[in-house]
Amino acid sequence: MVKQIISIQDVAKGKRCYINGTIQFDSTDEGIYHEFLAALAAIIANLKKTAPINALILGGGDGFCAREILAYSKVKKLCIVDYDPEVLDIARTHFSSWNKNSLFDPRVSVIIDDAKMFLKKSADLFDLIVADFTFPEDFAGAELFTKDFFLSVKKVLEKSGVFATNAVSPEKTPWAFRSIIKTLKSIEMDVLPIEIDIPSFKESNYGSWGFVLGSPTGLPTKRLKNLTFPSQLRYLNQQSFNKILKKNFKENILSASFARPIIYPADILSMLSLELNIKNNYYEWIRRLSLIVSQFDWKSFFQEIEKIHIDIPLNLKEQRYEKLIYSFLLLLTILNSLNPDYAFSKGFSGHRTGNSGDSLAFFSDSKNTTPFRFKAVGGDILNSQLSKSLWSMSGVWAISRTIHDPTEADKNQNETLKVSLSDELHLSSNGNIFIPVWNLDYFYKLTEDKIILFKNAGEVIAEFPLENEMIATLQKTLPLQKEVLRKAISQYEQWINWTFPLYKTLLSNSRVSNEFIELKKIMETFIKSEATFSKVITPAKLSGDLIRLVPGVYLSPAGDIQLTQLDQKTLNYTINTNPEMDKFLHKVLHHYIHIDKKFNQERFYSKLIDQYELLKI
Amino acid sequence: MKVIHLQNEDQDRWTSLLISSESSGFMQSWEWSIFKEKEGQRVLRIGILDEEQLVAGCMVYFVKASVGSSPLEIPHGPVIPWSRPGADQYFFAIKDELFNFAKENLAPSARLTPLISSPYPELLSYLPKSPVDIVPSDTLLIDLHSEEDVLSQMKEKGRYNIKKALQNGVIVTSLSDAALLEHPTVIIDFYNLVEVTAVRHSFALEPIGYFDRMIRTLGPHQVLRIYQAHYCGVLVATALVIFYGSVATYFYGGTLPFLTSSMAPYALHWKIIQDAIRSGCKVYDLFGVAPDDQPFHAYAKFGQFKSRFGGRKVKYFGSHDIYFYPQLAKLLANNIIKGEYLCK
């Protein structure tokens, strides 16, 4: 079995546990997750069954779902099947105060096995089954959402039994979420989709979260509407449950038209890949595929279509030709996303192909592999053109630059960029986060509610709202880097203790002493920074088809310069309104016209040149 | 000439053919194909026999789904003696077999990525470029004649930083596959550092299970090593290197964002180069640099680091697709004309 990485990190108000980099629980709000997944399923099982309940948890070795299920006296037996003995060990030790020692309950039996294997072998029938697996990132994980797997669950589920499964984000991945629902429906289960907001998930930009409940003989939702929920539940009550029942899952192109039962693991992996990964580069895909189909042998292609003798539905005949081509390109994108082999597309270019035009270099975005590993920017696949705005500070070494920050009370104070958090974001010696604008003498400073553009040792030029992408990067990179730093400090300390048993000797060795102190100082800046950004207001996403030049500064499709306002609106910038802004924008356009040259084949390029010339004056 | 599907008993002769080929790499190896199977992909192993000699072929990887099949991917392949007479025939025989296979599996295309540099064979010139390159098409190769030769062709800064790293007391260790299985923490330490690096630079990263499976599958074959560079007891840099045939490939790597003055990554790569020379490798492939005309490519920064080791920049043919029109027409009919994937 595959090794899992389990780590527990301190967060603002509690602890957060990650398995393989994905949040397993956050002590401040894990109750929301487990009550809506397991407690709700247990309540429904209680309603449906008068006799003692025989329950099964697949995955969920952390003991939290067990805690919820064991709260009901009708539950006489609970079997937990998890393949990772380490998770079970931690559940019995570190997590025991949170899971109320659930694994030690006499009703519980623990089996270390693969869920699929267990289901294959099991001769027992269960009244309640809860599947609490980690996010599907590979074929092994994706198999646990296929029709075959759900059929094997159904085989051991009593006819009147209840099944609940952890799913994906209905907000970020509506297509995948609806496909899970359809898969359960396809095996003749009555289903209840659940969408909830979990603060720690939201904070990590996973979006709202989804579960799906199912039962072969129907779910008594009408009875549930008037149900009095047990008082020990902190989040699940009549009000919150009725809100779920009223939830009308927003129909959109992806979720409504494309959702279909998951037969192969690749079905769900490709949906997730498309929704989280490719959608931000969707127009780039379309552009590249358009280039490819321009080389198609269309004659052969249409001859083949003729051979199929398919009746073309009337509504399709009425479709515009472009829509058909667009659908075809979308189909090609889907087919290309089926093979989730990141090794083959390791790395990506956040840039258009530049001057070469036909040079199709690396292109696997990267930033949004899964909602867990990387952030996912919201937005509809067909509407989000933010992909055009891919912009980073690649190629620029910013570390060691000295900043005189005009927003600081002490104007004489300066700070140095210490750690590169990402290609764009840098942590300073004072624990502030800055974005240098290439090697220009301009910086952005991130605060908990805005970004401030200033000239180094000069004045503040403008304030902009925080951007989704930078916050998500921050939320991912800060804890990861803090963790490796913690490890580094501990390793360094061990090495010092081993190498210099007498601390005096250490003090005399200035290099070692300085480095060790420096590492500890960096840790302080991390802690300070984390405290600031734990309060961050998650910004609203920008709509429209804007192209990002630098933070806060965008180009409209027509080539007009637009600035984002603190209320998230964007306004056209009128040259000459702010001389300092004019100077800044002139330098930004200079970069794109003379250095990066990424827009020189765009339709709006001449407009860009015009504005550049005007700004020069 | 005969087209066959390679069986287990063909492994040795396939390996001999692959190792002698200059236009292929480890992703065409039998070992890698087994790893891909373990990953859940489907593998087709095509061989071309000429007078009963195995002369060409390819490992084809693909995935099936309800919508159809993924493109038939042939990373580092097909394995064809491109400059030899008869190469055209081998290519068309493989193409026909791919077509047949695509028909059975409703695959829209085959994606070829032979490691050939310009001038490219005429018969490939009509193929459209793929929307993605499945292996880096621009890379940096260091020829490994001797340690002295490698050092002499390095940039001065590269040599200086290696020296500096060694003076700083950076210690580089490595573990082979078999040993790795006994030390799972090495995999976790490796992954932690690679993950930090991937997040910092916005690169895609596979889940840890991918590496776990890779190590377990390639384990018995001694083609993979994980390197670790420690400075003052701290793991500062790590790398996963594939040794296959005469090529060592820097496949994955990660560095700590702190203690950068230790210059540990330089000592790390120097050790890899030394090991590669000792094990008879002729080339060290740094696996990807930014194309010359893209100074703001995400690889630009890495390219700067890698270029300090000298080497020669190579631009490979890159990924190109062969589209199968009957299958595309069927896919269009199944998924669009029936209305399932029609954009509104």
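The values are calculated or read from the model by the stated rules, or taken from the named source; none is laboratory data. Being a predicted model, the structure only gives us computed values, none of them experimental. Backbone-built Cβ (ideal geometry, glycine too); neighbour counts: all protein chains shown. All accessible areas refer to the heavy atoms of the entire protein, side chains included, with ligands and DNA or RNA removed. Shrake-Rupley method; radii C 1.70, N 1.55, O 1.52, S 1.80 Å.
Averaging Cα coordinates gives a centre for the stretch A:428-466 and one for the stretch A:577-617; these two points are 21 Å apart.
If r is the Cβ-Cβ distance from A:D10 to A:S300 and R0 is 41 Å, what FRET efficiency results, to the nearest 0.05? So, using R0 = 41 Å, E works out to roughly 0.10. Each DSSP beta bridge with both residues in the protein assembly as shown is either parallel or antiparallel, and the antiparallel ones are about 80%. Taking label points 7 Å from Cα along the Cα-to-Cβ direction, B:D292 and A:A457 give a separation of 3.9 nm.
Listed by number, the DSSP H helices of chain B that run 20 Å or longer by alpha-carbon position along their axis and have mean Kyte hydropathy of at least 0.5 are B:184-200. Exposure check, 1.4 Å probe, all protein chains in place: B:D12 carries approximately 120 Å² of accessible surface. Shape class of the stretch B:77-233 from the Cα gyration tensor (axes a ≥ b ≥ c, square roots of the eigenvalues): prolate, since a/c reaches 1.5 or more and a/b is larger than b/c. Comparing Cα centroids, the stretch A:110-153 and the stretch B:64-132 end up 38 angstrom apart. Per-residue ellipticity at 222 nm, computed for chain B from helices alone with -39500 (n - 2.57) per DSSP H run of at least four residues, works out to -11000 deg cm²/dmol. Rounded, prolate or oblate: pick one for the stretch B:138-315, where a ≥ b ≥ c are the square roots of the eigenvalues of its C-alpha gyration tensor, a/c under 1.5 means rounded, and failing that, prolate if a/b is larger than b/c, else oblate. Since a/c stays below 1.5, the shape of the stretch B:138-315 is classed as rounded.
Among the protein heavy atoms, those of A:L566 account for about 100 Å² of accessible surface (1.4 Å probe, every chain in place).
Once R0 is set to 22 Å, what does the formula 1/(1 + (r/R0)^6) return for the Cβ-Cβ distance between B:I171 and A:E524, expressed as a FRET efficiency to the nearest 0.05? After rounding, the FRET efficiency stands at 0.15. What the phi angles of the stretch A:480-487 give under the Karplus curve with 6.51, -1.76 and 1.60, with θ = phi - 60°, is a coupling list of 5, 5, 5, 5, 5, 5, 4, 5 Hz, glycine and proline written as x.
Quick one: grab the alpha carbon gyration tensor of the protein assembly as shown, order the square roots of its eigenvalues as a ≥ b ≥ c, and give me rounded if a/c is under 1.5, else prolate or oblate depending on whether a/b is larger than b/c.
Note, shape of the protein assembly as shown comes out rounded.
A simple spin-label model places the labels of B:E104 and A:A558 5.8 nm from each other, with each point 7 Å out along Cα-to-Cβ. Extension gain, A:I308 to A:S97: 0.36 nm times the residue separation minus the Cα-Cα distance gives 69.5 nm. Residue by residue along B:62-75, Cβ atoms of other protein chains within 10 Å of the local Cβ number 6 on average. Points 7 angstrom from Cα along the Cβ direction at A:K121 and B:E51: gap in nanometres? Here the modelled spin labels are 5.6 nm apart.
In this structure the protein assembly as shown gives 38 Å² per residue of accessible area when probed at 1.4 Å with all protein chains present. Whole-Hz Karplus values for the stretch A:84-92 come out as 9, x, 5, 4, 5, 4, 5, 4, 7 Hz, taken residue by residue from phi with 6.51 cos²θ - 1.76 cosθ + 1.60 and θ = phi - 60°; glycine and proline positions read x. Given H placed 1.01 Å from N in the peptide plane, which residues other than close sequence neighbours of A:E171 have an amide H under 5 Å from its amide H? It is A:S208, by chain and number.
When the label point is put 7 Å from the Cα of A:Q494 along its Cα-to-beta-carbon vector, which residues of the stretch B:175-211 have a backbone N closer than 16 Å? Only B:183-193 fall inside the zone, counting backbone N under 16 Å. Chain B and chain A together bury an accessible surface of about 9200 square angstrom, both sides counted, with a 1.4 Å probe and no ligands or nucleic acids included.
Rounded to 0.05, the FRET efficiency of the A:N439 and A:R486 pair, given R0 = 30 Å and the Cβ-Cβ distance, is 0.40.
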